[in-house]
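Engineer: The structure that follows is given in the form of structure tokens.
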Amino acid sequence: LAKTTQPISMDSYEGQEVNITCSHNNIATNDYITWYQQFPSQGPRFIIQGYKTKVKNEVASLFIPADRKSSTLSLPRVSLSDTAVYYCLVGNGNTGFQKLVFGTGTRLLVSP
Amino acid sequence: DAGVIQSPRHEVTEMGQEVTLRCKPISGHNSLFWYRQTMMRGLELLIYFNNNVPIDDSGMPEDRFSAKMPNASFSTLKIQPSEPRDSAVYFCASSSDSDQPQHFGDGTRLSIL
């Protein structure tokens, strides 16, 4: 399973754009990149998933360079409610089963 | 639509007692996952079911832990006998297929005294 590395914590202010970068140097050909968000006392919540280039939804954007050894989750104009832990995961698509290995995640703190 | 439903939300019991955690996956989802989250070890996958059949139980810590999925709408995780080191938040998740994003419940916070 590909290991991921991401910053332990980040600080931001309301209204700013936040970019969280994740390294996954040994990503396999069939692996997808998935990001989850977790609030205290809740289960992780799926944010976005991608394979290459750029993916965008109503919540975030995901940028993946051509070599796929890293990815960047972009949150536009964050609010206080975006304070959470963000996990970057790489799934092993070869087995048809995304055995997700959650690392320590990035703890994002958004201040007024 | 109802999400993944777990019960109980909180459980406090004495060591040696049997603990049963319950999960109702999202209707129509054919994959179900049990996770455990602690401060020390983070979020760990315990077991994965596909179409009610256990596929990967390599994360189950020891024989005291067992999981069943008697039908598509219900799963249990049982610990017998329980120990203080089993204290954690246990999450259940489901997905529409094994390679699709997982939807998590709000977890069961288990405290073994």
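Engineer: Just in the range A:1-59: which GluC sites (Glu not before Pro) are loop by DSSP and have at most 11 other Cβ atoms within 10 Å?
Structural biologist: Sites meeting the loop and neighbour criteria: A:17, A:58.
Engineer: Average partner chain C-beta neighbours within 10 Å, per residue of B:83-94? Intermediate values should be presented prior to the final figure.
Structural biologist: Details: counts 0, 0, 0, 0, 0, 0, 3, 0, 4, 1, 4, 0.
Averaged over the peptide's residues, the number is 1.
Engineer: With +1 on each Lys and Arg Cβ and -1 on each Asp and Glu Cβ, how big is the dipole of the range B:1-112 about its Cα centre, in debye rounded to the nearest 20?
Structural biologist: 220 debye
Engineer: With +1 on the Cβ of every Lys and Arg and -1 on the Cβ of every Asp and Glu, and nothing else charged, how large is the dipole of chain A about its Cα centre, in debye rounded to the nearest 20?
Structural biologist: The calculated dipole for chain A is roughly 340 debye.
Engineer: Work out the mean other chain Cβ neighbour count within 10 Å for the residues of B:35-41 and drop it here as an integer.
Structural biologist: Average per residue, whole number: 1.
Engineer: Write down the Kirkwood hydrodynamic radius of chain B, to one decimal in angstroms, obtained as one divided by the mean of 1/r over all alpha carbon pairs.
Structural biologist: With all distinct Cα pairs of chain B included, I get 13.9 Å.
Engineer: Net charge near residue B:74: determine it from the other residues with C-beta under 15 Å of the C-beta of residue B:74, scoring Lys and Arg +1 and Asp and Glu -1.
Structural biologist: +4
Engineer: Now for a different question. Considering the dipole of chain B built from charges on the beta carbon (Lys and Arg +1, Asp and Glu -1) around the Cα centre, which of B:82, B:43, B:55 is farthest to its positive end?
Structural biologist: Farthest towards the positive end: B:82.
Quick note: the coordinates plus some simple rules give every number you see, no bench work behind them. Please read all numbers here as calculations on a predicted model, not as lab measurements. Note that each Cβ is placed from the backbone with ideal geometry, even for glycine, and that neighbours are counted across all protein chains shown.
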